[in-house]
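The values are calculated or read from the model by the stated rules, or taken from the named source; none is laboratory data. Bear in mind that the values here come from a model prediction, so they are computed numbers and not experimental data. As a convention, Cβ positions derive from the backbone with ideal geometry for all residues, glycine included, and neighbour counts pool all protein chains shown.
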Amino acid sequence: MILRRLLFIAALAAAPTAPVFAQVADITKAQDKLPAEKLTIVTRDGKIHEFMVEIADTSEQQTVGLMFRTSVPDGTGMLFDWHAVRGSDMWMRNTLAPLDMLFIDPDGKVHHIAEHTVPQSLAVISSAGPVRGTLEIAAGTVERLDIHIGDVVHQRIFGNAP
């Protein structure tokens, strides 16, 4: 009888949390491709580089990001839309491909860059200040395209898309 009551109480206590667990993103595998949009980077010397980037718009999409993907093809990436100006702390947990990360001000200017991030590292990669978005692209892209702090990213979330 006591065991039955304890099981009943345990079931009641667990019931309110069940739907919360159902809403948590599945981070045991890569998420499906997200809707992609055009993004353009204009470097300080006027060169234009176009990308098609997936938009990580929700907290669930942002939690999974590029985890478990084995590569990020050239000309693609993922843009994390923070919906407000804030600090951005990233990590590479379960991310198999090395990345370059661009932390972007609300006006579209590159605020900070982290190159060649280490796959599966739990080290925090910080924006070093408030930003509106974070762009993840294949490692080596920043160097190859000669992207620098102050270069401008054109995309709808920064209100400067052509």
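Things worth noting here:
- Segment 63-92, residues that are touching a strand residue (DSSP E or B) at 6+ places or on another chain (Cβ under 8 Å) and hydroxyl-bearing (Ser, Thr, Tyr): SER71, THR76, SER88
- All of (1) closer than 24 Å to PRO162 by Cα; (2) at pLDDT below 95; (3) not acidic (Asp, Glu) hold for GLY77 with one exception: (2).
- Restricting segment 67-111 to residues that are touching a Gly at 6+ places or on another chain (Cβ under 9 Å), acidic (Asp, Glu) and farther than 20 Å from ALA36 by Cβ leaves a set whose member that is surrounded by the fewest Cβ atoms within 10 Å (Cβ to Cβ) is ASP107.
- Residues (surrounded by 18 or more Cβ atoms within 10 Å (Cβ to Cβ) and under 13 Å from the mean Cα position of the chain (by Cα)) located in segment 48-60: VAL53, GLU54, ILE55, ALA56
- Test: residue in segment 7-21 that is more than 17 Å from the chain's Cα centre (by Cα), loosely packed, with under 12 Cβ neighbours inside 10 Å and at pLDDT 95 or above: no
- Yes/no for ILE157 being part of a helix (DSSP H, G or I) and either crowded, with 19+ Cβ neighbours inside 10 Å or touching a strand residue (DSSP E or B) at 6+ places or on another chain (Cβ under 7 Å) (or both): yes
- Odd one out for GLU136 among (1) surrounded by 18 or more Cβ atoms within 10 Å (Cβ to Cβ); (2) part of a helix (DSSP H, G or I): (2)
- For segment 38-57, the criterion of a residue being of a type outside the set (D, E, K, R), touching a Pro at 6+ places or on another chain (Cβ under 9 Å) and outside any strand (DSSP E or B) is satisfied by no position.
- Residue that is without any contact (Cβ under 8 Å) to a residue 24 or more places away in the chain, in contact with a Ser or Thr (Cβ under 8 Å, 6 or more places away or on another chain) and either on the phi < 0 side of the Ramachandran plot or among the polar types (S, T, N, Q) (or both), where the choices are ILE48, ILE147: ILE48
- Considered as a group, the residues in segment 33-47 that are of a type outside the set (Lys, Arg) and closer than 15 Å to LEU79 by Cα include one that is surrounded by the most Cβ atoms within 10 Å (Cβ to Cβ), and that residue is LEU39.
- Per the conditions (1) assigned to a loop (DSSP other than H, G, I, E, B); (2) surrounded by 15 or more Cβ atoms within 10 Å (Cβ to Cβ), the sole criterion not satisfied by GLN120 is (2).
- Subset of segment 58-102 (residues that are assigned to a strand (DSSP E or B) and not aliphatic (A, V, I, L, M)): THR76, GLY77, PHE80, ASP81, TRP82, HIS83, ARG86, GLY87, SER88, ASP89, ASP100
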